[in-house]
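Colleague: One structure follows; several queries about it will come next.
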Amino acid sequence: MDLGLLDRVAIVSASSEGLGRAAALDLAREGARLALCARTDKTLQTAAQEIRQQTGADVFARTCDVSDPDQIDGFVAKVAEHYDERIDILVNNAGGPPPGTIAEVGLREWRIAFDRTFASVVRFCQQVVPYMQRRKWGRIITITSSSTRQPIDGLATSNAMRPAIVGFAKTLSRELAPHNILVNNVAPGMFRTARHEELLESMATSQNRSPEEILQERVAQVPLGRMGDPDEHAHMITFLASERASYITGQTIAVDGGLVRGL
Ligand SMILES: NC(=O)c1ccc[n+]([C@@H]2O[C@H](COP(=O)([O-])OP(=O)(O)OC[C@H]3O[C@@H](n4cnc5c(N)ncnc54)[C@H](OP(=O)(O)O)[C@@H]3O)[C@@H](O)[C@H]2O)c1
């Protein structure tokens with residue numbers, strides 16, 4: 001299937017590791033040109049170099065903390081300069097919001113969660129939409145979580161902020177449909193990444209159990225009986241970014257091995 005991604009310019013934020021990096025690599029395999037960011041330059045440049053070597057893609061990589069709107073503005077301006085004022089695809093990603101129950105999470109953590117998980121997406125969208133409007137084509141895809149559908153115990157900030165993204169994306173999809181800009185979310189279940197390892201450690205400490213025991217309990221909730229591979233998540237993003245997804249907008253699509261029970 002020709003996905004029509006050759007030479008498309010795709011920003012993938014928070015993409016030096018994990019789900020963001022897998023999405024970037026998958027888009028590059030289909031011929032897209034990339035703009036990557038993360039906070040740590042060393043791992044970011046290593047990821048960019050590995051993707052160039054594996055795919056031959058043009059990869060622009062620059063540090064940006066997505067919790068800081070000024071850094072987002074500066075990053076998008078540099079991407080536009082590098083790619084001759086062209087940005088076709090935005091994949092929004094960030095590190096997860098701070099873990100904890102409502103009793104454990106203070107106002108400081110709620111503010112971090114708002115800046116990192118919600119405001120970063122709003123700002124990136126505001127910055128890239130004018131470039132997409134000019135070419136009457138665009139794809140905006142945000143990596144969220146299964147908490148958009150079903151709260152996860154011990155992740156209060158995620159359970160509150162992720163559904164806010166769903167409302168934002170649905171609203172934006174309606175505003176941007178006349179411009180042929182499609183807006184969707186992907187809702188991952190459980191994928192073995194650095195973030196997942198951190199969460200296991202945090203849950204193990206607060207429940208006084210071993211991370212391995214918690215992992216087995218979590219995997220047992222997944223009908224497919226295993227954690228996902230980040231590549232399996234990336235393929236959904238690549239499809240939504242492609243020409244083949246031209247009649248899909250305003251959706252939040254689970255990639256979770258059947259984890260969420262809701263209809
Ligand atoms: N893995 C899962 O099973 C799973 C399930 C549901 C939802 N999610 C969500 O999916 C997202 C990605 O998770 P992941 O598992 O891929 O995480 P990960 O393996 O920890 O990777 C996070 C990536 O984001 C970058 N990053 C973190 N904070 C950033 C910031 N403020 N600004 C810019 N870059 C930042 C990191 O690099 P630097 O640290 O250098 O910035 C790294 O490249 C998270 O929001 C997570 O909550 C993951």
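Colleague: Which condition number does Ala80 fail, the rest of (1) within 10 Å of the ligand (Cβ to nearest atom); (2) over 30 Å from Ser146 (Cβ atoms); (3) among the hydrophobic types (A, V, I, L, M, F, W, C) being met?
Modeller: Among (1) within 10 Å of the ligand (Cβ to nearest atom); (2) over 30 Å from Ser146 (Cβ atoms); (3) among the hydrophobic types (A, V, I, L, M, F, W, C), Ala80 violates only (1).
Colleague: Residue by residue through the range 44-74, note down the ones that are assigned to a helix (DSSP H, G or I) and small (Gly, Ala, Ser).
Modeller: Matches in the range 44-74: Ala47, Ala48, Gly74.
Colleague: Can I ask one more? Can you pull out the residues in the range 186-210 that are among the hydroxyl-bearing types (Ser, Thr, Tyr) and either in a helix (DSSP H, G or I) or within 16 Å of the ligand (Cβ to nearest atom) (or both)?
Modeller: Of all residues in the range 186-210, those among the hydroxyl-bearing types (Ser, Thr, Tyr) come to 193, 202, 205-206, 210.
Result: Thr193, Ser202, Thr205, Ser206.
Colleague: Consider Gly56 carefully, then state whether it is free of Cβ contacts under 8 Å to residues at least 24 places away in the same chain, surrounded by fewer than 16 Cβ atoms within 10 Å (Cβ to Cβ), more than 8 Å from the ligand (Cβ to nearest atom) and not β-branched (Val, Ile, Thr). Before the answer, list the steps.
Modeller: On the way: free of Cβ contacts under 8 Å to residues at least 24 places away in the same chain: yes; surrounded by fewer than 16 Cβ atoms within 10 Å (Cβ to Cβ): yes; more than 8 Å from the ligand (Cβ to nearest atom): yes; not β-branched (Val, Ile, Thr): yes.
Here the answer is yes, as Gly56 does meet what is asked.
Colleague: Taking only pairs six or more apart or across chains, which ones have beta-carbon atoms under 9 Å, a first residue in the range 167-185 that is open to solvent by 40 Å² or more (accessible area, probe 1.4 Å), and a second residue that is of a type in the set (Gly, Ala, Ser)?
Modeller: What qualifies is Lys170/Gly250; Thr171/Gly250; Arg174/Gly250; Ala177/Gly250; His179/Gly138; Asn180/Gly138; Asn180/Ser246.
Colleague: May I ask you to say which residue of Ala14, Ala23 is small (Gly, Ala, Ser), at positive phi, buried (at least 19 other Cβ atoms within 10 Å of the Cβ) and in contact (Cβ under 8 Å) with a residue 60 or more places away in the chain?
Modeller: Values: Ala23 fails: at positive phi.
After ruling out the rest, the residue left standing is Ala14.
Colleague: Which residue out of Arg195, Arg209, Arg226 is in contact (Cβ under 8 Å) with a residue 40 or more places away in the chain and open to solvent by 50 Å² or more (accessible area, probe 1.4 Å)? Give the derivation first.
Modeller: On the way: Arg209 fails: in contact (Cβ under 8 Å) with a residue 40 or more places away in the chain; Arg226 fails: in contact (Cβ under 8 Å) with a residue 40 or more places away in the chain.
Residue meeting the stated conditions: Arg195.
Colleague: Another question, then. Does Thr43 satisfy the condition of being within 9 Å of the ligand (Cβ to nearest atom) and either more than 16 Å from the chain's Cα centre (by Cα) or crowded, with 24+ Cβ neighbours inside 10 Å (or both)?
Modeller: Working: within 9 Å of the ligand (Cβ to nearest atom): yes; either more than 16 Å from the chain's Cα centre (by Cα) or crowded, with 24+ Cβ neighbours inside 10 Å (or both): yes.
So Thr43 passes the test.
The values are calculated or read from the model by the stated rules, or taken from the named source; none is laboratory data. Keep in mind it's a predicted model, so treat the numbers as computed, not measured. In this analysis, Cβ positions are derived from the backbone assuming ideal geometry, glycine residues included, and neighbour counts consider all displayed protein chains. The protein model used for the area step is the full one, side chains on, heavy atoms only, and it has no ligands, DNA or RNA in it. Shrake-Rupley method; radii C 1.70, N 1.55, O 1.52, S 1.80 Å.
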